[in-house]
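Shown next, in structure tokens, is the structure this report addresses.
The values are calculated or read from the model by the stated rules, or taken from the named source; none is laboratory data. Please read these numbers as outputs of a predicted model, since none were measured by experiment. All Cβ positions, glycine included, derive from the backbone under ideal geometry; neighbour counts span all protein chains shown.
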């Protein structure tokens with residue numbers, strides 16, 4: 001079965017054919033991959049040219065279907081488009097300076113390390129259950145609710161403060177993919193909402209955006225678990241329904257919140273939930289097959305899905321290329337997605 005690289009159609013570059021041979025049943029398949037041969041036409045394309053990695057590859061399973069989706073979204077205009085994006089290992093890099101980048105979950109360090117140990121023990125118990133193929137989905141959802149509830153209770157009991165969050169983020173091994181700022185900026189100028197979905201902690205994600213991007217975006221909302229702090233900065237409770245890995249979808253949109261006032265005071269400039277729900281064209285970005293469910297609950301007309309296969313185990317490419325419209329390999333930068341939104345907007 002032939003794979004075809006759709007990169008030349010995304011960013012208007014010429015490409016050179018080559019062969020990619022993962023150590024699996026896809027060994028007999030061919031993959032087209034881009035080399036650094038660009039024909040830049042605009043300032044943004046020049047930025048792509050200067051940043052794009054030679055090692056990045058992208059796989060497209062059905063180019064014609066993809067072109068049809070792109071044309072339909074482009075014809076409807078930016079006013080009908082929304083972007084739904086996972087946070088960990090999608091907006092952020094999988095590898096940072098040769099080390100596995102931290103997630104918004106595991107970067108958190110409480111002042112009392114005993115509670116970090118207790119949270120890790122919960123992870124050791126529940127994480128295998130999350131991926132168990134024998135547990136029915138209804139039972140698994142209850143287990144995830146239980147896990148999140150116990151973890152949140154430990155954060156409160158352990159006296160987590162907002163200063164703990166700030167220090168944890170400052171010391172974290174975490175970086176955004178190259179091109180994320182440009183993607184957010186391009187979408188902001190066209191009033192396209194960006195929903196960052198996460199089963200983690202929205203306040204941590206917000207602090208990561210604040211410290212790592214140093215810029216606010218009026219079109220960005222975070223759909224995640226939100227903390228409530230007292231006047232002394234101590235965590236006292238969580239707001240609303242718990243969002244975990246099995247209910248991280250547009251059913252949770254009502255708890256979406258714009259970036260905190262400290263980040264720019266942008267509440268009044270952000271689309272409300274009803275307005276977002278009326279945007280029936282979706283660009284979805286994720287690094288996990290489960291991220292495809294983030295648009296569940298939305299009655300969309302057209303959806304383009306982008307999957308980041310950051311660390312192929314030799315068996316995932318075949319599955320990912322069937323599940324996503326685009327599959328970016330090798331912990332790729334965000335430049336291809338920047339060019340995609342430029343094309344469909």
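Does the stretch 107-116 include one or more residues that are surrounded by 18 or more Cβ atoms within 10 Å (Cβ to Cβ), touching a strand residue (DSSP E or B) at 6+ places or on another chain (Cβ under 8 Å), in the same structural domain as residue 326 (by TED's automatic domain parsing) and outside any helix (DSSP H, G or I)?
No, the stretch 107-116 has no match at all.
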Go through the residues of the stretch 256-264 one by one and say whether even a single one is in a strand (DSSP E or B), modelled with pLDDT under 80 and touching a helix residue (DSSP H, G or I) at 6+ places or on another chain (Cβ under 6 Å).
-> yes
Lone qualifier among 218, 241 - being surrounded by fewer than 19 Cβ atoms within 10 Å (Cβ to Cβ) and modelled with pLDDT of 90 or more = 218
Out of (1) closer than 23 Å to residue 320 by Cα; (2) part of a helix (DSSP H, G or I); (3) not assigned by TED's automatic domain parsing to the domain that holds residue 227, what's the single condition that is false for residue 134?
-> (2)
Positions within the stretch 160-174 being surrounded by fewer than 18 Cβ atoms within 10 Å (Cβ to Cβ) and touching a helix residue (DSSP H, G or I) at 6+ places or on another chain (Cβ under 8 Å), in sequence order = 162, 166, 170
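The rows are residues; the columns are (1) touching a strand residue (DSSP E or B) at 6+ places or on another chain (Cβ under 6 Å); (2) closer than 27 Å to residue 96 by Cβ; (3) in contact (Cβ under 8 Å) with a residue 60 or more places away in the chain; (4) not assigned by TED's automatic domain parsing to the domain that holds residue 334.
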site	(1), (2), (3), (4)
151	no, yes, no, yes
154	no, yes, no, yes
160	yes, yes, yes, yes
163	no, yes, yes, yes
185	no, yes, no, no
206	no, yes, no, no
244	yes, yes, yes, no
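Name every residue in the stretch 64-106 that is assigned to a loop (DSSP other than H, G, I, E, B) and touching a helix residue (DSSP H, G or I) at 6+ places or on another chain (Cβ under 6 Å), in order of residue number.
Residues satisfying the conditions are 87, 91, 104.
Here's the yes/no breakdown for (1) at positive phi; (2) assigned to a helix (DSSP H, G or I); (3) at pLDDT 90 or above:
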| residue | (1), (2), (3) |
| --- | --- |
| 299 | no, no, no |
| 303 | no, no, yes |
| 313 | no, no, no |
| 343 | no, yes, yes |
Restrict the check to the stretch 223-238 and report whether at least one residue is under 30 Å from residue 343 (Cβ atoms), at pLDDT below 95 and in contact with a helix residue (DSSP H, G or I) (Cβ under 6 Å, 6 or more places away or on another chain).
-> yes
Qualifying residue in the stretch 120-133 (condition: within 25 Å of the chain's Cα centre (by Cα), surrounded by fewer than 19 Cβ atoms within 10 Å (Cβ to Cβ), closer than 19 Å to residue 173 by Cα and modelled with pLDDT of 85 or more) = yes
